[in-house]
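Asker: Pasting a structure below so you can have a look.
The values are calculated or read from the model by the stated rules, or taken from the named source; none is laboratory data. Because the structure is predicted, anything quoted here is derived from the model rather than measured. Methodologically, a virtual Cβ is constructed for each residue, glycine included, from the backbone with ideal geometry; neighbour enumeration extends over all protein chains shown.
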Amino acid sequence: MATVISGKEVSQKVKGEVREKALALKEKGIEVGLAVVIVGDNPASRVYVNSKKKACEEVGFNSYEYALPEETTQQELLDLVEVLNNDEKVNGILVQLPLPKQIDENAIINAISPDKDVDAFHPFNVGKIMIGEYAFLPCTPAGIMELIDSTGVEIAGKSCVVIGRSNIVGKPMSMLLLHRSGTVTVCHSKTKNLKEICQNADILVAAVGRPNFVTGDMVKEGAVVIDVGINRMEDGKLCGDVNFAEAEKKASYITPVPGGVGPMTIAMLMKNTLTAAMIKNNITE
Ligand code: L34
């Protein structure tokens, strides 16, 4: 039976460290601020944005919420981003995705100042990640690295399989595992013999967006299984991309949904926002 990795616990630890550093900054007269922008009323986005605001409170940051209506135009959102880019109180800008269909997400991401891009979605930061010389890491993959490290399992030389190739999770995830000398395979909807590839994975990261996609027969004995999926079922319950009951019989470590990757995404956002404030104020430690 696998050990369940508690994203709740690991995220508390990360937030505790961020809080200590934020307090030290406060003693120097520096306050940390995160702007949280939500457009429209996607209920899931509302839940995540509320958690982000709550996390800001926990670690001692100021949070500034901008809740814009569903019919907001791209230009209106670009104008807000420009204001936030120039706002001294704002160290980080988070524009919660997805955005309504009339707004081009890339246009918004490109407009955020790379120094305040605490999601690390801007092409400048994406490029930095590629060469391994970065200030910010995208929150979900960075959180997953913390979860893997919390197990003590070595990544170097291991077979790492990432299912999903999104810009937010799959692509940066594979890069982070590669930086740590994992042998990385990225699978997606066109991948042939997915099952065989997964069966070979010492570390398996599922970011597909389909409930119970990874079944027990796809999991190698003793694997570390990370479930990025947050699928909302008709009964309102959350379901991961991994069939937990089956996979936990074979894995050595496994993350639950909820309480796994989700809380880590938020904790790493706090860490990135702190980093942005420290860089802005020329503070190294
Ligand atoms: N710009 N957009 C931007 N940055 C992000 O990093 C995100 N993401 C994803 C969606 N859009 C984004 C998030 O914040 C996904 N995501 C996210 C954050 C937190 C949680 C899930 C997804 C989370 O807290 N999940 C809880 C369950 C919450 C619930 O009950 O719904 C968990 O325990 O998994």
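Asker: Residues of region 63-106 being in a helix (DSSP H, G or I), over 26 Å from Lys280 (Cβ atoms) and touching a helix residue (DSSP H, G or I) at 6+ places or on another chain (Cβ under 9 Å), which ones? Spell out the reasoning first.
Answerer: Step one: filter region 63-106 for residues in a helix (DSSP H, G or I), giving 74-85, 105-106.
Going one step further and asking which of them are over 26 Å from Lys280 (Cβ atoms), we end up with 74-76.
Passing the criteria: only Gln74.
Asker: Within region 108-116, identify whether any single residue is within 20 Å of Lys15 (Cα to Cα) and modelled with pLDDT of 95 or more, and answer yes or no. Don't jump to the end; show me each part of the working.
Answerer: Residues of region 108-116 within 20 Å of Lys15 (Cα to Cα): 116.
Checking the rest, the ones that are also modelled with pLDDT of 95 or more come to 116.
Yes, region 108-116 contains at least one residue that is within 20 Å of Lys15 (Cα to Cα) and modelled with pLDDT of 95 or more.
For (1) more than 13 Å from the chain's Cα centre (by Cα); (2) not small (Gly, Ala, Ser), each residue gets a yes or a no:
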| position | (1), (2) |
| --- | --- |
| Ile103 | yes, yes |
| Ala107 | yes, no |
| Lys116 | yes, yes |
| Lys128 | yes, yes |
| Gly132 | yes, no |
| Pro138 | no, yes |
| Pro141 | no, yes |
| Ile144 | no, yes |
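Asker: Still on this structure, I have one more. Any residue in region 99-116 that is without any contact (Cβ under 8 Å) to a residue 12 or more places away in the chain sitting within a Cβ distance under 8 Å of a residue that is not charged (D, E, K, R)? List the pairs, counting only those 6 or more apart or interchain.
Answerer: Cβ pairs passing all conditions: Glu105/Leu97; Glu105/Pro98; Glu105/Leu99; Pro114/His122; Pro114/Phe124; Pro114/Asn125.
Asker: Also: Is it true that Gly60 is at positive phi and either among the hydroxyl-bearing types (Ser, Thr, Tyr) or in contact with a Pro (Cβ under 7 Å, 6 or more places away or on another chain) (or both)? Before the answer, list the steps.
Answerer: Details: at positive phi: yes; either among the hydroxyl-bearing types (Ser, Thr, Tyr) or in contact with a Pro (Cβ under 7 Å, 6 or more places away or on another chain) (or both): no.
Taking the combined requirement at face value, the residue does not satisfy it.
Asker: Can you name the residue in region 252-285 that is closer than 18 Å to Glu9 by Cβ and in a loop (DSSP other than H, G, I, E, B) and is also farthest from the ligand (Cβ to nearest atom) among such residues?
Answerer: Taking the candidates together, the pick is Ser252.
Asker: May I pose another question? Determine, yes or no, whether Val49 is outside any helix (DSSP H, G or I), within 10 Å of the ligand (Cβ to nearest atom), of a type outside the set (S, T, N, Q) and buried (at least 16 other Cβ atoms within 10 Å of the Cβ). Spell out the reasoning first.
Answerer: On the way: outside any helix (DSSP H, G or I): no; within 10 Å of the ligand (Cβ to nearest atom): yes; of a type outside the set (S, T, N, Q): yes; buried (at least 16 other Cβ atoms within 10 Å of the Cβ): yes.
So Val49 does not fit the description; no.
Asker: What do you reckon, is Val4 within 16 Å of the ligand (Cβ to nearest atom), closer than 22 Å to Glu146 by Cα and crowded, with 17+ Cβ neighbours inside 10 Å?
Answerer: Values: within 16 Å of the ligand (Cβ to nearest atom): yes; closer than 22 Å to Glu146 by Cα: yes; crowded, with 17+ Cβ neighbours inside 10 Å: no.
Against the criterion (within 16 Å of the ligand (Cβ to nearest atom), closer than 22 Å to Glu146 by Cα and crowded, with 17+ Cβ neighbours inside 10 Å), Val4 does not qualify.
Asker: Can Lys21 be described as touching a residue at least 12 places away in the same chain (Cβ under 8 Å), in a helix (DSSP H, G or I), surrounded by fewer than 19 Cβ atoms within 10 Å (Cβ to Cβ) and more than 12 Å from the ligand (Cβ to nearest atom)? Walk me through how you get there before you give the answer.
Answerer: On the way: touching a residue at least 12 places away in the same chain (Cβ under 8 Å): yes; in a helix (DSSP H, G or I): yes; surrounded by fewer than 19 Cβ atoms within 10 Å (Cβ to Cβ): no; more than 12 Å from the ligand (Cβ to nearest atom): yes.
In short, no.
Asker: Would you mention how many residues in region 36-46 are among the acidic types (Asp, Glu) and either in a helix (DSSP H, G or I) or within 8 Å of the ligand (Cβ to nearest atom) (or both)?
Answerer: From region 36-46, those among the acidic types (Asp, Glu) are 41; that's our starting set.
Okay, now just the ones that are also either in a helix (DSSP H, G or I) or within 8 Å of the ligand (Cβ to nearest atom) (or both), so none.
Result for region 36-46: 0.
Asker: Right, another one. Determine, yes or no, whether Ala44 is closer than 26 Å to Ile5 by Cβ, surrounded by fewer than 16 Cβ atoms within 10 Å (Cβ to Cβ) and touching a residue at least 12 places away in the same chain (Cβ under 8 Å).
Answerer: Working: closer than 26 Å to Ile5 by Cβ: yes; surrounded by fewer than 16 Cβ atoms within 10 Å (Cβ to Cβ): yes; touching a residue at least 12 places away in the same chain (Cβ under 8 Å): yes.
It is true that Ala44 is closer than 26 Å to Ile5 by Cβ, surrounded by fewer than 16 Cβ atoms within 10 Å (Cβ to Cβ) and touching a residue at least 12 places away in the same chain (Cβ under 8 Å).
Asker: Another one. How many residues are within 23 Å of Gly170 (Cβ to Cβ), surrounded by fewer than 17 Cβ atoms within 10 Å (Cβ to Cβ) and in contact with a helix residue (DSSP H, G or I) (Cβ under 8 Å, 6 or more places away or on another chain) when one looks only at region 237-251?
Answerer: The qualifying residues number 1.
Asker: Out of the residues in region 227-241 that are under 18 Å from the mean Cα position of the chain (by Cα) and of a type in the set (A, V, I, L, M, F, W, C), state the one that is farthest from the ligand (Cβ to nearest atom).
Answerer: Among those residues, the one meeting the criterion is Cys239.
Asker: On to the next question. Please enumerate the residues belonging to region 267-283 that are under 12 Å from Ala55 (Cα atoms) and in contact with a strand residue (DSSP E or B) (Cβ under 7 Å, 6 or more places away or on another chain).
Answerer: Step one: of region 267-283, the residues under 12 Å from Ala55 (Cα atoms) are 267-271, 273.
Answer for region 267-283, where residues must be under 12 Å from Ala55 (Cα atoms) and in contact with a strand residue (DSSP E or B) (Cβ under 7 Å, 6 or more places away or on another chain): Leu269, Thr273.
Asker: I need a count of the residues in region 54-96 that are within 12 Å of the ligand (Cβ to nearest atom) and surrounded by fewer than 16 Cβ atoms within 10 Å (Cβ to Cβ).
Answerer: The qualifying residues number 1.
Asker: Then there is this: Any idea which residue in region 160-204 is farthest from the ligand (Cβ to nearest atom), counting only those that are without any contact (Cβ under 8 Å) to a residue 24 or more places away in the chain and closer than 20 Å to Ala120 by Cβ?
Answerer: Leu178
Residue-wise test of (1) closer than 20 Å to Val83 by Cα; (2) not β-branched (Val, Ile, Thr).
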| residue | (1), (2) |
| --- | --- |
| Lys15 | no, yes |
| Val18 | no, no |
| Lys21 | no, yes |
| Glu31 | yes, yes |
| Ser45 | no, yes |
| Lys52 | no, yes |
| Cys56 | no, yes |
| Gly60 | no, yes |
| Ala67 | yes, yes |
